[in-house]
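The values are calculated or read from the model by the stated rules, or taken from the named source; none is laboratory data. Quantities reported herein were computed from a predicted structural model and do not represent experimental measurements. Glycine gets a Cβ as well: all are built from the backbone with ideal geometry, and neighbour counts include every protein chain shown.
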Amino acid sequence: MKYVDKQERLNGYDWPSNAFTMIGLNRLNNIEDCIRTILKDNIQGDFIETGVWRGGATIFMRALLKELGIKDKTVWLADSFKGLPKPNSKSYPADEGIDLYNRPILTCSLEEVQNNFRIFGLLDKQVQFLSGWFKDTLPIAPVKNLSLLRLDGDLYESTLIALEHLYPKLSVGGFVIIDDYNAFPFCKAAVDDYRMKINCEELMIEIDNEAIYWRKA
Ligand SMILES: C[S@@+](CC[C@H](N)C(=O)[O-])C[C@H]1O[C@@H](n2cnc3c(N)ncnc32)[C@H](O)[C@@H]1O
């Protein structure tokens with residue numbers, strides 16, 4: 001019999017066979033802290049997660065909006081809903097040899113994610129889906145402005161494309177969360193390259209051993 005390691009789950013270090021999210025309690029608490037600060041400081045813009053898997057982190061965002069009676073913010077979900085892409089190592093050499101596309105556990109269909117929202121009674125017009133590869137969906141996404149940008153697409157390509165197309169839409173005072181900054185060197189490289197390109201000097205704060213966030217100044 002395989003036991004679940006409680007510390008691994010709390011910290012989001014495993015890939016649970018049976019859960020709505022893999023990110024663990026520390027990172028869920030970080031989402032809640034960011035959202036409460038955004039609302040307290042009246043920061044304009046919607047929330048997005050790029051890389052949603054079974055949708056748990058975004059279900060949590062929508063649930064919090066409902067709990068707090070917020071009707072003017074939308075939660076956007078961007079995902080292929082068929083797992084990670086094969087590495088495009090010609091354009092993104094940092095991703096060479098990464099075989100995450102080959103892990104069936106990392107795939108969850110749009111219908112399953114929508115059904116997960118339904119289970120909680122949270123599938124409504126404040127939840128919008130951007131279905132497809134980030135390189136196709138994010139450049140044309142009808143997202144006007146954001147106050148919370150949560151990146152969880154793992155790869156250099158997935159992280160960089162999300163930053164390039166969505167960070168300019170993040171309001172000053174909004175938060176960007178990088179789920180895998182200290183988990184995957186290729187994810188870290190994309191963030192470091194992008195921050196250097198735009199001269200971003202905001203302090204990065206550790207959430208746990210894998211995830212970080214910063215607030216746009
Ligand atoms: C680690 S999982 C996300 C975990 C999720 N945030 C949670 O709360 O459990 C990574 C997700 O990113 C998606 N993904 C990664 N790169 C992508 C890309 N370039 N285009 C579309 N989806 C992508 C995968 O389909 C997968 O659902």
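At-a-glance table
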read-out	value
Tally of residues being within 21 Å of G153 (Cβ to Cβ), among the hydrophobic types (A, V, I, L, M, F, W, C) and in a loop (DSSP other than H, G, I, E, B) across the stretch 1-51	5
Test result for P16, free of Cβ contacts under 8 Å to residues at least 24 places away in the same chain and near the ligand (Cβ under 10 Å from one of its atoms)	yes
Lone unmet requirement of (1) out of contact with any Asp or Glu (no Cβ under 6 Å at 6 or more places or on another chain); (2) crowded, with 24+ Cβ neighbours inside 10 Å for A211	(1)
Output for the stretch 167-184, where each listed residue is among the charged types (D, E, K, R), crowded, with 22+ Cβ neighbours inside 10 Å and touching a residue at least 60 places away in the same chain (Cβ under 8 Å)	D179
Search result, residues across the stretch 145-165 that are among the small types (G, A, S), near the ligand (Cβ under 10 Å from one of its atoms) and not in a helix (DSSP H, G or I)	G153
Every pair of residues 6+ apart whose Cβ atoms lie under 6 Å, when the first sits in the stretch 57-73 and is under 25 Å from G12 (Cα atoms) while the second is surrounded by 23 or more Cβ atoms within 10 Å (Cβ to Cβ) and among the acidic types (D, E)	A57/E49; T58/E49
Qualifying positions in the stretch 185-214 - part of a loop (DSSP other than H, G, I, E, B) and without any contact (Cβ under 8 Å) to a residue 60 or more places away in the chain	I198, N199, C200, E201, E202, L203, M204
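Condition check ((1) in contact with a Leu (Cβ under 6 Å, 6 or more places away or on another chain); (2) at pLDDT below 95) across all residues:
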residue: P104; (1), (2): no, yes
residue: Y156; (1), (2): no, no
residue: Y167; (1), (2): no, no
residue: Y194; (1), (2): yes, no
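One line per residue, one yes/no per condition, for (1) surrounded by fewer than 20 Cβ atoms within 10 Å (Cβ to Cβ); (2) of a type outside the set (G, A, S):
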{"site": "G12", "(1), (2)": "no, no"}
{"site": "I23", "(1), (2)": "no, yes"}
{"site": "C34", "(1), (2)": "no, yes"}
{"site": "K40", "(1), (2)": "yes, yes"}
{"site": "E49", "(1), (2)": "no, yes"}
{"site": "I59", "(1), (2)": "no, yes"}
{"site": "R62", "(1), (2)": "no, yes"}
{"site": "D79", "(1), (2)": "no, yes"}
{"site": "N88", "(1), (2)": "yes, yes"}
